[in-house]
């Protein structure tokens, strides 16, 4: 999920494939506009310059969205300049991380009665609303903490539902939703509370708020549960955001076992119009890897 967990992503991926001829061209660009809202992030095109230069390059390649997990920690002036750059290019802002867990200490634990951690989380939600408005973002990522092995999971679930209901009450009046990200425990995040989209669905249905949805990161879900399209179909009404990343390796589509072309076709049938975060690294370093990244998304964006 967040760059703070892996801060520097590897760069590259998939064999180059020409853009589909039938796609509309972007004004002022030779590149075809992607049909879905694939969202690169800072580092996807690192060779092209700083943050604003990378946004401009992404737009010129036909990308229509952007994702920035670390946006909350940026100076206000930088947040504002990023928002302006995205608006000028007609790009949609995806998620940023609204409340960062302490990965090294496996905290917070929301399934216990620790009121301080719960109140700190809600304080993060209140302050993140201002960040979302500044960025023109309607989705912000949260992690629902870690498990307490001393407390039955059902009790922890009830407490997480209560907490997330309070979070939804904070953000929903502003047209914002917090999206809870299930994380895999087999490879990356042992001990987290929310480990699958199905578990996220149970919490979201319990909360029953437009301000609380699921972030479906398909890299994590493939590792933890698999069965991606049937799971998306079952839980669709509570999914508020999607992220791609192939497995193994967490790089661009075509470098692992997930059939992202089929998933794209399914999303198109569902008329999904939201952002799809490119929440992964590049499998090849340097500018050649960036070109291969673009080609990988051209390959799966074919109707």
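The numbers here are math on the coordinates, done by the rules we state, and not lab data. Because the structure is a prediction, the values reported are computed rather than measured. Here the Cβ positions follow ideal geometry from the backbone for every residue, glycine too, while neighbour counts run over all protein chains shown.
Annotations for the structure displayed:
- Rounded tilt (10° steps) of 51-60 against the dominant C-alpha axis of the chain: 60
- Sites residue 285 and residue 106 - FRET efficiency at Förster radius 41 Å, r taken between beta-carbons, to 0.05: 0.80
- Descending by average beta-carbon neighbour count within 10 Å, the peptides 178-188, 135-145 line up as 135-145, 178-188, the highest first.
- Contact order normalised by residue count of region 3-300, Cα under 8 Å, 6+ apart, percent: 24
- Burial ranking of peptide ranges 118-127, 54-63 (average Cβ count within 10 Å, highest at the top): 54-63, 118-127
- Descending by average beta-carbon neighbour count within 10 Å, the peptides 155-168, 91-104, 255-268 line up as 91-104, 155-168, 255-268, the highest first.
- With Cα atoms, 0 to 90° folded angle of helix 153-171 axis to the chain main axis: 60
- The gain in end-to-end length when the residue 225 to residue 155 segment is fully stretched comes to 22.9 nm, 0.36 nm per residue minus the alpha carbon separation.
- Sites residue 270 and residue 169, calculated FRET efficiency, Cβ-Cβ separation with R0 25 Å, nearest 0.05: 0.30
- Correct choice for volume of the Cα convex hull per residue in Å³ that was computed from the model, options (i) 245; (ii) 120; (iii) 204: (ii)
- Efficiency of FRET between residue 186 and residue 84 - r from beta-carbon atoms, R0 35 angstrom, step 0.05: 0.30
- C-alpha long axis of helix 76-88 to longest principal axis of the chain, angle in °: 50
- Computed helical MRE - 222 nm, the chain, DSSP H runs ≥ 4 contributing -39500 (n - 2.57), nearest 500: -12000 deg cm²/dmol
- Bridge type composition, the chain - antiparallel percent by DSSP, nearest 5: 10
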